[in-house]
1. For the charge dipole of the stretch 90-212, defined by +1 on Lys and Arg C-beta atoms and -1 on Asp and Glu C-beta atoms about the Cα centroid, which residue among L127, L100, L178 has the Cα displaced farthest towards the positive pole?
2. I need the phi-derived Karplus couplings for the stretch 59-65: 6.51 cos²θ - 1.76 cosθ + 1.60, θ = phi - 60°, integer Hz, Gly and Pro marked x.
3. Given a cut-off of 27 Å, name the pairs among K88/K150; K70/K152; K152/K197 whose C-alpha atoms lie farther apart than that in the structure shown.
4. Return the sequence-ordered ³J(HN,Hα) values of the stretch 165-170 in whole Hz as given by the Karplus equation 6.51 cos²θ - 1.76 cosθ + 1.60 applied to θ = phi - 60°, using x for Gly and Pro.
5. Report ³J(HN,Hα) in whole Hz for each residue of the stretch 146-156, in order, from the Karplus equation J = 6.51 cos²θ - 1.76 cosθ + 1.60 where θ = phi - 60°; Gly and Pro get x.
6. If you count only protein heavy atoms with a 1.4 Å probe, what accessible area per residue comes out for the stretch 108-166, rounded to a whole Å²?
7. How about the stretch 126-208: which trypsin sites (Lys or Arg not before Pro) there are in a DSSP loop, with at most 15 other Cβ atoms within 10 Å of their Cβ?
8. In the stretch 41-149, carbon and sulfur make up what percent of the accessible area (probe 1.4 Å)?
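The values are calculated or read from the model by the stated rules, or taken from the named source; none is laboratory data. A quick note: this is a predicted structure, and the numbers were derived from the prediction, not measured. Neighbour counts are summed over all protein chains in view; Cβ atoms, including those assigned to glycine, are modelled from backbone coordinates with ideal geometry. Please note that ligands, DNA and RNA were not included when accessible areas were found on the heavy atoms of the full protein model with its side chains. Shrake-Rupley method; radii C 1.70, N 1.55, O 1.52, S 1.80 Å.
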Amino acid sequence: RVYKLGSPLQARLLYETITPNNSIDYSILGLVLGDKTKTFDVNAFDEPTLRYVIGEVEQLDSNSAISMLKQYTKNPKLATSIEYAIAKNTPQDAKRQEILMDVYNTISNNPAAAFDGSNDVNLDIGLIYYRKNDFKNAVIPLKTFLDNYKEKDDKRAEALYYMGKSFIGLNDAQRGFLYYNEIIETIPSSIYAGIAKSELDEDMWKQNLNRF
C-alpha cells in the first residue's frame, strides 16, 4: 500500500523488515522494488499481474522487464505485445530500435508470438532499415506489411512511400515510382501522396531539362 501511494523508499524499508517467505505478494513487492535476489516463476502471474509487474520493473530497468518477458512462456503473444509496448515507450532511438528488432526476430522465429497488430512491427523495421540506407533489407518487411495491411490510410501510404524510396535507393526508380503512383491514385488525401507527387514532378522536370 505504501508503494502504491508513491513512497518506494519507505516501501523498501518496510520490505526489508518482512521475514522472507514464498507468498506471491512478497515476491511481487520484491520484484517491483528492484530486489535482484528475488526470483519468481513469472508464468504464475495472470495477465493483469504480469502487466503491472512489468510496468513497474520497466521503470527501473527495461532490460530486466524484457528478460522477465522472455521467461513468460504461458502466453507468447502477450509477452511479445508487452515488449512491443516497451519499445514504443523507449525514447532513446538506439535502444528502441534494439527492442523492436528483438520483437521482429521473435515473431519471425515463432509465429505463435504474433499478436493482434504485430504487422506494425514490419513497418517499424522497414523504416529502421531505410534510415540506415539498408534499402535491400528495408523492402522485405515493408512488403510483408503491405501484403497484410489493406486499409487505405496514412499508415499504408507511409509504407508505400518508403517502399518506393527504397527502390529508388536501389537504383530502380521506375519500380519505386510505381509505389508513388499507387499512393497518389488510392490514397490521394494522404500527406505522402503530396510528397510523392512533388518528387515525381521534380523527376519529370529534371528529365525534360536534360533533353536540352
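1. The residue sitting farthest along the positive end of the dipole is L178.
2. 5, 7, 6, 5, 4, 5, 4
3. Values: K88/K150 23 Å; K70/K152 35 Å; K152/K197 17 Å.
Violating the 27 Å limit, Cα to Cα: K70/K152.
4. 4, 5, 5, 4, x, 8
5. 5, 5, 10, 10, 9, 5, 8, 9, 4, 5, 5
6. Numbers: 2930 Å² over 59 residues.
In whole numbers, the stretch 108-166 has 50 Å² accessible per residue.
7. Numbers: sites: R131, K132, K136, K143, K150, K152, K155, R156, K165, R175, K197, K206; in loops: K132, K150, K152.
Those satisfying the criteria are K132, K150, K152.
8. Details: 2580 of 5460 Å².
On the stretch 41-149, the fraction of accessible area on carbon and sulfur atoms equals 47 percent.
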